[in-house]
2 protein chains.
Amino acid sequence: MTDIGKKKATIYDLSMLSGASPSTVSAVLNGSWRKRRIKEATAQLIQKLANEHGYTANLQARGLRSSRSGLVGLLLPVHDNRYFSSMAQSFEAQVRSRGQCPLVVSACRDPEEERKVVETLISYSIDELFIAGATDPDGVHKVCEKAGLKHVNIDLPGTLAPSIISDNHEGARMLTQAIIERAQEDGPLSPDDLYLFGGRNDHASHERIRGFRDVKRALLGADPDVCIQPTGYSPAMTARAFEAFYEGHGKLPRAFFVNSSINLEGLMRFLALHPHETFADIIVGCYDYDPFGSFLPFPVFMIRQDSEAMITKGFAILDADRGPAITHLVRPTLVPPRTALIGPLDALKDIE
Amino acid sequence: MTDIGKKKATIYDLSMLSGASPSTVSAVLNGSWRKRRIKEATAQLIQKLANEHGYTANLQARGLRSSRSGLVGLLLPVHDNRYFSSMAQSFEAQVRSRGQCPLVVSACRDPEEERKVVETLISYSIDELFIAGATDPDGVHKVCEKAGLKHVNIDLPGTLAPSIISDNHEGARMLTQAIIERAQEDGPLSPDDLYLFGGRNDHASHERIRGFRDVKRALLGADPDVCIQPTGYSPAMTARAFEAFYEGHGKLPRAFFVNSSINLEGLMRFLALHPHETFADIIVGCYDYDPFGSFLPFPVFMIRQDSEAMITKGFAILDADRGPAITHLVRPTLVPPRTALIGPLDALKDIE
DNA sequence: AGTCATTGCACCATCGATTGTGCAAAAAAG
DNA sequence: CTTTTTTGCACAATCGATGGTGCAATGACT
């Protein structure tokens, strides 16, 4: 810290100061000095100088030379959502604990954007990439492949790279069963009392819909196609679907399964425009967990996907190198209404 | 795309292929070729080759040489929260639209971690840094200063760099007034019917508390100190404070101001352990907006901070270069209960 | 035809690290 | 007191791009 304001110190500066050669300084500072048989005393001198001058390696130079940057990327559809932001949080912690630098970017569910963003990341020579919820995982895969970048899919599977996803079918079964049972406490439930809103033409949605229909048919005997309303992932579209149902029936379905918390935001938009009575006794299942969503003024069953476990498994797969393009399922958990789970925030120290 | 699987093409490869020198190739590909008086035909040839081979510049090399990386950092306390994740979302969009690469990292409200993370970012030669909600903005400032890194504070002000923050005092006044008026609809409100929970020893909390007390004293005539319960920023601590109040009084305060959505999560934890009757008629104000928080089973007034405007202003200040260390206030908005605002997600295309 | 300006590009040092190689000096072995 | 081995380190090439400088070829002008 003796040289505040000056340019950052380099190994050449330390080389001058210490009398050692730049390569020796480099070796000392990157830890490879024992292998290079540098004297303990020399190493200590250099480390002392490095501390005094607040030396930190220029990681771009290091990355350029060694073609490893220490950057690990996480590609998200969006930040602004508890599922993905909590994934980002665990991701960061895990990357940081491995001594690497997390790089979280979002691509807005746009396949074109996904590829462009990944190209950019590759230009920074990132070492590994987690592709979460990509619209076109295989398109992204090809870009990575070409650059020799190790990667895994999270949340939405691809066919060309290992994928780690939530067990959507099982999760949807649990959730569907939970809302049916809860709804039946208020009286018999007929098949068209139970709807599904949200999701689109992706693997996760398919599996969730399949799980929903399996359980619904088993417990209620039927599932008319009209009860499945795939509205895409936008709150606006979802709100429109609720609105449409409401116009047709003068109420909402007694119970329904909402594909994600983003879709659940669509329900909020609907609610904002209607009086309490409209939804006095609905039962909702939402495939995502949100601490506030869990306390809405009607029962909301939620599914908490274990993003932390997915990230952990992702690293395991990347470390194992050259894993086959299989899909690993991670079991989610059912969260009953009015539940406040602890999350990554609780790891924070917040001394007063 | 003719060389799938091979290493990435460099300007040297294109130099060979085109017969031009590397510097010419470089000039063509980085756009400076007109200044360097390269023939149009040469430029086109090189660009064609670059496309065919899927050339993308190695940004580490470029950054090393030009000492500008094209990276812009955003330092957050945490990801897992609607306020910050939506800030990240706007930040990304704005950085991307300026042709740079966003780098969002969190430092868990730990001053030490904040400095370390910023050191790391500096090692990657980031060009600019947004410091959002730093526990120790001035400590971070010094680190930036030393490296000659341009930066602004967002959300929590420092004394050494320009800061852009929410007008916490005014926001708190609006919020306090709103909950008082709403509570008075149910009957007269005495000073100890109105509490404030959350926040700690930072500028934002101080201002909010000041705004709260101003309005409360003006409208209710007094504000006993016991009504201010600064619990820090953790949900667990906040839950404990509610629990303590409840044990003492057998109920929650009729109305209360919660310092942030993270603290509001603490309320959820409390609620999970108590029956509905406990909070049948509470009125809540929360200094943060969350779409689900707005629809809880009691009136929740919220403050929406305009993170998008803050980011925009941040760029304006950085672009203006060498701004003085003043604090700019951005006016937040009061959000009445049961309101679903549109957010950054609505910018997404989600064609079905 | 001779001078001068312009065009078009190649050359080369440089950014800050990493790493293979080589060679003295010191230590151990004979 | 040699010879061999080990220790300790310096040298120099390299990663991929940038940008100042210099120089030949071409065109303009007297």
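The values are calculated or read from the model by the stated rules, or taken from the named source; none is laboratory data. Predicted, not measured: the structure shown is a model, and the values here were computed from it. Cβ: placed from backbone, ideal geometry, glycine included. Neighbour counts: every protein chain shown. Surface accessibility is based on the protein's heavy atoms, side chains included, excluding ligands, DNA and RNA. Shrake-Rupley method; radii C 1.70, N 1.55, O 1.52, S 1.80 Å.
Overview of values
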read-out: Flag for B:Phe298 being of a type in the set (Phe, Trp, Tyr), within 13 Å of chain A (Cβ to nearest Cβ) and part of a loop (DSSP other than H, G, I, E, B); value: yes
read-out: B:Arg331 open to solvent by 60 Å² or more (accessible area, probe 1.4 Å) and on the phi > 0 side of the Ramachandran plot; value: no
read-out: Yes/no for B:Leu271 being outside the structural domain of B:Gly199 (by the TED database) and either within 30 Å of B:Glu247 (Cα to Cα) or buried (at least 17 other Cβ atoms within 10 Å of the Cβ) (or both); value: no
read-out: Odd one out for B:Arg36 among (1) surrounded by 18 or more Cβ atoms within 10 Å (Cβ to Cβ); (2) within 12 Å of DNA strand D (Cβ to nearest atom); value: (1)
read-out: Odd one out for A:Ser86 among (1) within 18 Å of A:Pro137 (Cβ to Cβ); (2) touching a residue at least 60 places away in the same chain (Cβ under 8 Å); (3) crowded, with 24+ Cβ neighbours inside 10 Å; (4) touching a Pro at 6+ places or on another chain (Cβ under 9 Å); value: (1)
read-out: Residues of the stretch A:51-63 satisfying the condition of being open to solvent by 10 Å² or more (accessible area, probe 1.4 Å) and closer than 30 Å to A:Cys108 by Cα; value: A:Leu59
read-out: Residue in the stretch B:70-77 that is within 9 Å of chain A (Cβ to nearest Cβ) and under 20 Å from A:Gln94 (Cα atoms) present; value: yes
read-out: Residues (part of a helix (DSSP H, G or I), facing chain B (nearest Cβ under 7 Å) and in contact with a helix residue (DSSP H, G or I) (Cβ under 7 Å, 6 or more places away or on another chain)) located in the stretch A:83-106; value: A:Ser85, A:Ser86, A:Gln89
read-out: Enumerated helices (runs of 4 or more DSSP H) restricted to the stretch B:1-62, each holding at least 2 residues that are among the charged types (D, E, K, R) and assigned by the TED database to the domain that holds B:Gly99; value: none
read-out: When residues of the stretch A:230-256 are limited to those that are part of a strand (DSSP E or B) and modelled with pLDDT of 95 or more, the one farthest from the chain's Cα centre (by Cα); value: A:Ala255
read-out: Tally of residues being aliphatic (A, V, I, L, M), more than 8 Å from DNA strand D (Cβ to nearest atom) and away from chain B (no Cβ under 14 Å) across the stretch A:11-26; value: 3
read-out: Unmet requirement for B:Ile317, which otherwise passes all of (1) exposed (fewer than 15 other Cβ atoms within 10 Å of the Cβ); (2) part of a helix (DSSP H, G or I); (3) in the same structural domain as B:Ile154 (by the TED database); value: (1)
read-out: Selection count, the stretch B:39-72, where residues are on the phi > 0 side of the Ramachandran plot and within 9 Å of DNA strand C (Cβ to nearest atom); value: 1
read-out: Residue match in the stretch A:43-50 (condition: within 38 Å of the chain's Cα centre (by Cα), open to solvent by 70 Å² or more (accessible area, probe 1.4 Å) and more than 22 Å from B:Val117 (Cα to Cα)); value: no
read-out: Complete set of residues in the stretch B:165-201 that are touching a residue at least 12 places away in the same chain (Cβ under 8 Å) and part of a loop (DSSP other than H, G, I, E, B); value: B:Asp167, B:Asp186, B:Leu189, B:Ser190, B:Gly198, B:Arg200, B:Asn201
read-out: Condition met for B:Ser67 (small (Gly, Ala, Ser) and more than 10 Å from chain A (Cβ to nearest Cβ)); value: no
read-out: Number of positions in the stretch A:230-266 that are more than 10 Å from chain B (Cβ to nearest Cβ) and either surrounded by fewer than 21 Cβ atoms within 10 Å (Cβ to Cβ) or small (Gly, Ala, Ser) (or both); value: 14
read-out: Condition met for A:Leu129 (closer than 25 Å to B:Ser125 by Cβ and within 12 Å of chain B (Cβ to nearest Cβ)); value: no
read-out: Flag if A:Phe91 is over 21 Å from A:Asp319 (Cβ atoms) and more than 10 Å from DNA strand C (Cβ to nearest atom); value: no
read-out: Of the criteria (1) open to solvent by 10 Å² or more (accessible area, probe 1.4 Å); (2) in a strand (DSSP E or B), which one A:Thr278 fails; value: (2)
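Here's the yes/no breakdown for (1) buried (at least 19 other Cβ atoms within 10 Å of the Cβ); (2) under 26 Å from A:Asp288 (Cβ atoms):
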residue	(1), (2)
A:Gln94	no, yes
A:Gly99	no, no
A:Val104	yes, yes
A:Pro111	no, yes
A:Gly139	no, yes
A:Glu145	no, no
A:Gly148	no, no
A:Leu175	yes, yes
